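What follows is a single structure, written as structure tokens, with notes after it.
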């Protein structure tokens, strides 16, 4: 039977979520959230009514920590203050790499310059980026995401960053490994056409795009989008039942559609 | 010292009518004039050519540049100076847009007269004080909604007394990525910079020569626009720079005075 991966960075699909939890489908949260620790993030969702725990979350910061430990990298962090605790166990003295996350107001010229100077001074500069999103939606409008600043440092130093987090293949693969399922048995749901849908599809999963959050009715241009993004799985009810192997869940997806007044895009 | 003269010089047989001269590194290095440069300029002015002084700058308005050069003993008029700020201004006027100016305060005088209320364009220069998250988001939203992004230039970084510092290039690149658009870059080595500099001189690129110390930005850029380029071995020049562009510089010589000598002897066409 099918397993399910849900991205809930933005809009909670509470009804659907509860039904899925009650079903035989396995659930995992794949988020690029780097403005908070997993604990804080989970608390926020619990406050919204989700019955969720930290071990159900695959997030970039812990994934990055694994990479840093494996490669003996000591990072200079350019991240949001609230995610710093995720790096508590990592040696940060005498940095030999830079880790950049969604730092928001920490993206000051001074901080960027500091990160730049460290990179430009290294013989083998390593820049690890927690995600590569272009922008995200907050209550007070759209804001630049880590990807923009990752590109800024790449350009300044003439290097290529390594992305930890969506849409990197390894990130989805590690989430699937935690669940013990094959990509073909999983579906990713998210609002971000590149990071959620594109990334998942490149792993062999199917994906649904929800028209909430960051979704824009016209594609953001740029040469980054490969042609695979044009084939989003068909959300014909019948087909979905086949794919998910569960009538119950499919009904719920369509109930959510009515309840939230939004369309689950096909 | 051997002079390297590019083969295609033989082909372009038009008399010289305009000389573009780079400032920093060519006429002067920081606060000192290149020795003999003031004299050389006087001699150049004796020839029937139009002279223009061109530079990439994002924080010195023409008035300030003029003041510095005059103090160093150069005889220059304000309207002979063409900077990347001028190029940006011209573009704004052409497009008839109102810019959000992410430029140094000292550069603002060069934008006097351009409306900036309710902006529908973004201009990015070297302005660390504006490269904070809030201002970058403001620029980002405008561009996402269709405002053109104009970059004074895209330098990656520059040298300060206490080390290297990020130039405007990285921030422009970040905005381009986030919005899926491409900036219009107005400074050297863009072709349009050189063509704009010649506008009003009544000279075609083939009738002009550029003298500068930056092989790629000065000489390469000028030659790409159809001009001849003379590389001088002062300022930021490093040995073998001339091998880094293709075609090679029309001429590589020691300094501005030597470049002027070459022009006076070889490029002024038939004498009556």
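Quick notes on this one:
- The angle separating the long axis of helix B:133-144 from the principal Cα axis of greatest extent in chain B is about 80 degrees.
- Partner chain coverage, peptide A:145-155 - average Cβ within 10 angstrom: 6
- Projected onto planes of every orientation and averaged, the convex hull of the alpha-carbon atoms in the stretch A:61-163 covers 6.3 nm².
- In this calculation the C-beta distance from residue A:70 to residue A:158 is compared with R0 = 22 Å, giving a FRET efficiency of 0.30.
- Taking 25 °C and 0.890 mPa s as conditions, chain B diffuses translationally at an estimated 127 µm²/s according to Stokes-Einstein applied to its Kirkwood radius (Cα pairs).
- Each of B:250, A:149 was scored by other Cβ atoms within 10 Å of its Cβ. Listed from fewest to most, they are B:250, A:149.
- Pairwise FRET efficiency - residue A:122 versus residue B:112, Cβ, R0 = 56 Å, nearest 0.05: 0.80
- Gain on full stretching of the segment that runs from residue B:63 to residue B:45 - 0.36 nm per residue minus C-alpha separation: 4.3 nm
- Nearest-ten-degree value, helix B:62-71 long axis tilted from longest Cα axis of chain B: 40 degrees
- Note: the stretch B:89-207, Cα convex hull, 134 Å³ per residue.
- Placing pseudo-labels 7 Å out from each Cα toward the beta carbon at residue A:40 and residue B:80 gives an inter-label distance of 6.0 nm.
- Shielding by other protein chains, A:100-109, mean Cβ within 10 Å: 3
- Projected label points at residue A:184 and residue B:216, each 7 Å from Cα along the beta carbon direction, are separated by 4.9 nanometres.
- Virtual spin-label span in nm between residue B:94 and residue B:72, 7 Å along Cα→Cβ: 2.9 nm
- Cα centroid separation - the stretch A:90-144 against the stretch B:222-269, whole Å: 41 Å
- DSSP bridge pairs, chain B: antiparallel proportion in percent, nearest 5: 15 percent
- Between residue A:54 and residue A:24, the FRET efficiency estimated from the beta carbon spacing at R0 = 22 angstrom works out to 0.45.
- Inter-chain Cβ neighbour count for B:124-137, averaged per residue, equals 4 (cutoff 10 Å, partner chain atoms only).
Read the figures in this text as sums done on the coordinates, not as results from a lab. These numbers were taken from a predicted model, which means no experiment stands behind them. Please note: Cβ atoms are built from the backbone with ideal geometry, for glycine as well, and neighbour counts cover all protein chains shown.
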